[in-house]
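Input: a single structure, listed below in structure tokens.
The values are calculated or read from the model by the stated rules, or taken from the named source; none is laboratory data. Everything numeric in this text was worked out from a predicted model, so none of it was measured. Here Cβ is always computed from backbone atoms with ideal geometry, including for glycine, and neighbour counts include all displayed protein chains. Accessible surface is based on the protein model in full, side chains and every heavy atom, while ligands, DNA and RNA are left aside. Shrake-Rupley method; radii C 1.70, N 1.55, O 1.52, S 1.80 Å.
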Amino acid sequence: MKLILVLTIAIPIVLMEGAWVFRDARKRGEKYYWFWGIFASLNTSNLFIYLLIIRVILKHNKAKL
């Protein structure tokens, strides 16, 4: 019973996270926005990887150009 409750809560959260990352990457003009959406849907820690790479590292590199 607890497993069903946890899955009922966790699955929509992970799917919403993947959808948000997908839309955010597409809005920012990333070439592989679909990859980021799938990658973020795998687990919640991938959201932090996306935010670090796209928002910090690539933004910093684009500012230098």
- Roll a 1.4 angstrom probe over the protein heavy atoms and tell me the percent of accessible area of the chain that is carbon or sulfur. 73 percent
- Query: Within the stretch 1-55, which trypsin sites (Lys or Arg not before Pro) sit in a loop by DSSP and count at most 10 neighbouring Cβ atoms inside 10 Å?
  - Reply: Lys31
- Message: At 0.36 nm per residue, and after removing the present C-alpha to C-alpha distance, how many nm does the segment from Val56 to Leu42 gain when stretched out fully?
- Response: 2.9 nm
- Degrees, to the nearest 10: 33-42 long Cα axis against longest axis of the chain: 30 degrees
- Item | the chain - accessible surface per residue (Å², probe 1.4 Å) | 79 Å²
- If you take the alpha carbon radius of gyration of the chain and divide it by 2.2 N^0.38 Å, what ratio comes out, to two decimals? 1.31
